[in-house]
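Have a look at the structure below before the remarks.
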Amino acid sequence: MSSKKLLLGDEAVALGALHAGLSGVYAYPGTPSTEITEFIQNNPLAKQRGIHSRWCTNEKTAMEAALGMSYSGKRALVCMKHVGMNVCADAFVNSAITGVKGGLVVLAADDPSMHSSQNEQDSRFYGKFAMVPIFEPSDQQEAYDLVETAFSLSEKVGLPVMFRIVTRLAHSRAAVTIKDKARECNEFNPDNGKNWILLPAIARKQYLVLLSKQEEIEKSAEVSSCNSLEIIDGKGLGIVVCGIARNYVKEAAPKGISAILKISQYPLPVKKILKLAEISDGILVVEDGQPFVEERIPAILGAGYPVYGRLSGRLPRTGELNPDNVAAALGVSREITFKAADNVVGRPPALCQGCGHRDVYKALNEVAADYSGARIFGDIGCYTLGALPPFRSLSSCVDMGASITMAKGAADAGQFPSIAVIGDSTFTHSGMTGLLDAVNDKSNITVVISDNLTTAMTGGQDSAGTNKFEQICRGLGVEPEHIRVVIPLPKNMAEITKVIREEISYCGVSVIIPRRECVQVASRKARKKLCDKK
Amino acid sequence: MKKNIILSGVGGQGILSIATVIGEAATDAGLHLKQAEVHGMSQRGGDVQSNLRLSDDEIFSDLIPKGEADLIISMEPMEALRYVPFLSKDGCVVSSSEPLVNIPDYPSKEALLQELKVLDNVVLMDIEAIASDSNIPKSANMILLGMASRFLGILTPEQLRDAIGKIFAIKGEKIVCDNCKAFDIGLEAVKGK
């Protein structure tokens with residue numbers, strides 16, 4: 001039995017995982033992956049089955065907890081945005097060496113065009129680096145269907161499996177045919193093997209085990225029905241499409257095409273690529289992200305075979321695919337009647353009116369103006385918008401937690417005042433270890449933990465450190481008299497600036513915690529209260 | 001039949017609610033549908049848009065190709081203008097006429113409305129004022145949907161009104177009534193256009 005449901009790509013993955021007998025999802029919020037975990041948190045079946053779905057502190061803790069669940073024989077899903085792969089890379093790469101017991105699916109949501117990100121790294125490189133199978137669904141239906149396939153393959157070959165999606169699938173809705181019955185969850189059945197203990201002597205053996213599994217995962221991709229060769233004209237240009245690229249090619253309906261080879265499972269199906277090459281006079285690779293496949297094809301076909309794509313310049317080197325740039329690469333032209341309008345300017349996002357971060361930046365700017373050469377190092381979250389007008393407060397934003405450690409390094413080099421601004425959730429994600437470094441070094445830095453009691457940027461998820469920040473800072477060795485809490489409101493400006501001045505003049509690590517609830521979360525709570533009353 | 005719709009506006013104006021209502025109606029009508037949304041950073045007062053594609057046949061791309069949008073539905077006039085290159089030759093624009101100025105370099109209102117008005121099929125209306133005069137200040141987006149329903153073609157106003165009932169049911173009867181009222185005001189306002 002089956003039924004149809006309108007689902008975001010993210011929701012299709014979530015429901016696919018639940019129907020595949022998932023026992024736990026482990027994740028840190030990150031656009032465009034957040035809705036997967038949120039869907040599971042709100043799903044009745046997940047509640048009924050007691051599926052773990054609480055947010056984790058960061059992607060590394062998520063990956064490791066999921067590995068523990070897999071060790072215990074149960075199916076686990078890890079979700080993150082692409083840059084989260086950098087945070088959990090140690091655990092991820094080594095989980096391929098230990099192998100897994102219960103199915104383990106690692107979902108990376110890539111963000112080509114950087115809609116909400118600081119780079120457009122392609123997670124498929126991580127999958128290949130760790131030598132594990134990768135799935136890349138082409139639409140919402142396949143996203144739902146392939147999660148079950150991924151869990152089964154993971155258990156069959158005893159490896160974690162990567163599941164790669166991109167923004168345009170994650171955040172696009174379509175009707176999905178879903179099963180009416182969910183597979184049962186695996187029983188608790190912990191493993192006993194020595195493969196989990198990666199001492200060098202065991203790790204060397206396990207690495208050979210991983211290498212020996214390659215033939216099986218290559219064969220699985222070769223025969224996979226989601227890697228399909230569709231003959232069009234039988235001669236002409238051959239097209240390789242990865243994931244959602246298929247849809248843009250189909251939309252363009254190009255002429256003079258030999259065949260379309262759709263790839264949704266890796267390692268690359270070499271025999272199918274050879275077959276495509278045989279009937280084609282060149283191959284165009286259409287893939288979202290970086291030229292992962294385009295770079296590999298010459299190794300399969302030889303350097304002389306003509307290959308086109310992002311590297312050759314036929315498709316743009318950067319940014320996401322869209323129906324227009326793919327149509328152009330296929331030589332399909334469309335009639336465009338209207339040119340871009342004159343009276344249109346960019347409308348960048350801004351901090352909300354009434355947001356506490358605004359008061360923090362206003363105060364910091366006022367104090368920073370007293371010094372020549374003050375620097376404020378920023379971090380990842382809503383408050384990164386403090387880099388834009390009207391504040392223009394920030395000198396840097398690199399990765400989760402980098403504000404504190406960059407302020408420290410700059411202070412080591414002679415920077416004064418050296419100020420870090422980090423949000424509450426980002427602080428517990430990756431800021432605490434850097435603060436410990438600064439404390440141990442007695443670095444002369446001022447850390448502002450701008451605490452809005454939530455993970456605001458991604459829509460207001462629980463923040464791991466709420467109500468614990470003073471305790472955490474004391475525990476890490478920040479002197480109690482240099483942990484200062486203020487309420488960021490315009491009426492408190494005199495007090496806030498005074499506290500900032502005092503802590504800058506203190507030669508050592510000080511932490512200022514401006515604390516006021518996110519205005520979006522506050523108004524959502526108020527609306528819900530009103531609704532409940534009715 | 002196939003309809004490509006671009007919904008645009010500024011974060012927080014409620015374009016995703018419009019998309020949800022059309023999506024519900026389309027699903028009930030058994031149409032194929034793809035709807036690409038923008039989540040995350042740009043929702044903080046930045047420009048937001050959603051690509052909505054409805055068809056009785058299979059839809060491939062989640063995004064609408066340039067020159068192939070049948071309808072732009074916009075909560076803000078500059079945000080309507082932003083997507084004009086996506087409009088097909090016979091495409092329509094249904095938009096709020098009142099700028100939301102939250103940036104320092106917002107263009108002149110006269111110039112941008114003029115640029116919109118030279119297009120063949122444009123309906124502009126001060127939906128915020130109508131909503132506030134009608135005592136339904138939070139339902140301006142459904143007035144806009146009512147206006148747009150005249151040009152949608154693939155779904156009837158009745159189908160859309162039913163979908164409003166379903167989508168807002170969870171928020172209580174008054175919200176459903178306000179939104180249906182808003183929809184009907186919009187529908188009436190463009191009668192004969």
### Summary
Checked against (1) touching a strand residue (DSSP E or B) at 6+ places or on another chain (Cβ under 6 Å); (2) buried (at least 24 other Cβ atoms within 10 Å of the Cβ); (3) over 16 Å from A:A150 (Cα atoms), A:W55 satisfies every condition except (2)
### Query
Quick one: which of A:R124, A:R168, A:R183, A:R173 is farther than 25 Å from A:S224 by Cα and not aromatic (F, W, Y)?
A:R173
### Message
What's the number of the only condition in (1) modelled with pLDDT of 95 or more; (2) surrounded by fewer than 22 Cβ atoms within 10 Å (Cβ to Cβ) that A:A303 fails to meet?
### Response
(1)
#### Entry: Qualifying residue in the stretch A:80-96 (condition: crowded, with 24+ Cβ neighbours inside 10 Å, more than 21 Å from A:W55 (Cα to Cα) and touching a Gly at 6+ places or on another chain (Cβ under 7 Å))
no
### Query
Which ones in the stretch A:503-513 are in a helix (DSSP H, G or I) and either in contact (Cβ under 8 Å) with a residue 12 or more places away in the chain or crowded, with 23+ Cβ neighbours inside 10 Å (or both)?
A:E503, A:I504
#### Entry: Subset of the stretch B:3-12 [modelled with pLDDT of 90 or more and out of contact with any Lys or Arg (no Cβ under 6 Å at 6 or more places or on another chain)]
B:K3, B:I5, B:I6, B:L7, B:S8, B:G9, B:V10
### Query
Does the stretch B:147-164 hold any residues that are without any contact (Cβ under 8 Å) to a residue 60 or more places away in the chain, over 13 Å from B:A19 (Cα atoms) and in contact with a Leu (Cβ under 8 Å, 6 or more places away or on another chain), and which are they?
B:M147, B:R150, B:P157
### Message
Being touching a Phe, Trp or Tyr at 6+ places or on another chain (Cβ under 7 Å), in a strand (DSSP E or B) and closer than 18 Å to A:T149 by Cβ is the filter here; which residues of the stretch A:78-107 pass it?
### Response
A:V78, A:V105, A:V106, A:L107
### Task
Take the stretch A:201-248 and flag every residue that is among the hydroxyl-bearing types (S, T, Y) and either crowded, with 18+ Cβ neighbours inside 10 Å or part of a loop (DSSP other than H, G, I, E, B) (or both).
A:S220, A:S224, A:S225, A:S228, A:Y248
### Query
Among the numbered criteria (1) within 28 Å of the chain's Cα centre (by Cα); (2) crowded, with 16+ Cβ neighbours inside 10 Å; (3) farther than 18 Å from A:C518 by Cβ, which single criterion is violated by A:R375?
(1)
### Sole residue being within 14 Å of chain B (Cβ to nearest Cβ) and either without any contact (Cβ under 8 Å) to a residue 12 or more places away in the chain or β-branched (V, I, T) (or both), chosen from A:T426, A:T384, A:T433, A:T405
A:T384
### Query
Which members of the stretch A:516-534 meet the condition of being more than 14 Å from chain B (Cβ to nearest Cβ) and surrounded by 20 or more Cβ atoms within 10 Å (Cβ to Cβ)?
A:R516
### Task
Look at B:F60 and say whether it is aromatic (F, W, Y) and facing another protein chain (nearest Cβ under 7 Å).
yes
### Query
Could you list, in sequence order, the residues of the stretch B:21-45 that are of a type in the set (S, T, Y) and under 30 Å from A:T384 (Cα atoms)?
B:S42
### Query
Is it the case that A:D90 is more than 30 Å from B:S50 (Cβ to Cβ) and of a type in the set (D, E)?
yes
### Query
Which of the residues belonging to the stretch B:168-182 are in contact (Cβ under 8 Å) with a residue 40 or more places away in the chain and surrounded by fewer than 20 Cβ atoms within 10 Å (Cβ to Cβ)?
B:K181
### Task
Mind telling me which of the residues A:N322, A:N343 ends up being touching a residue at least 40 places away in the same chain (Cβ under 8 Å), within 14 Å of chain B (Cβ to nearest Cβ) and among the polar types (S, T, N, Q)?
A:N322
### Task
Would you mention how many residues in the stretch A:163-180 are over 23 Å from B:I6 (Cβ atoms) and touching a helix residue (DSSP H, G or I) at 6+ places or on another chain (Cβ under 8 Å)?
7
### Query
Hey, among the residues in the stretch A:325-336 that are facing chain B (nearest Cβ under 9 Å) and not aliphatic (A, V, I, L, M), which one's nearest to the chain's Cα centre (by Cα)?
A:R334
#### Entry: Output for the stretch A:38-50, where each listed residue is touching a residue at least 40 places away in the same chain (Cβ under 8 Å) and away from chain B (no Cβ under 14 Å)
A:L45, A:R49
### Message
Quick test of your reading of the structure: A:L364 fulfils all but one of (1) in contact with a helix residue (DSSP H, G or I) (Cβ under 7 Å, 6 or more places away or on another chain); (2) more than 21 Å from B:V48 (Cα to Cα); (3) surrounded by fewer than 22 Cβ atoms within 10 Å (Cβ to Cβ). Name the failing condition by number.
### Response
(3)
### Matching option when the condition is of a type in the set (A, V, I, L, M), in contact (Cβ under 8 Å) with a residue 40 or more places away in the chain and more than 14 Å from every other protein chain (Cβ to nearest Cβ), among A:L237, A:L261
A:L237
### Message
With the requirement that a residue be modelled with pLDDT of 90 or more and within 8 Å of chain A (Cβ to nearest Cβ), what does the stretch B:28-50 give you?
### Response
B:H32, B:L33, B:K34, B:Q35, B:A36, B:D47
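The values are calculated or read from the model by the stated rules, or taken from the named source; none is laboratory data. Here the structure is a predicted model, which means the values were calculated and not measured. With ideal geometry, Cβ positions are generated from the backbone for all residues, glycine too; neighbour counts draw on all protein chains shown.
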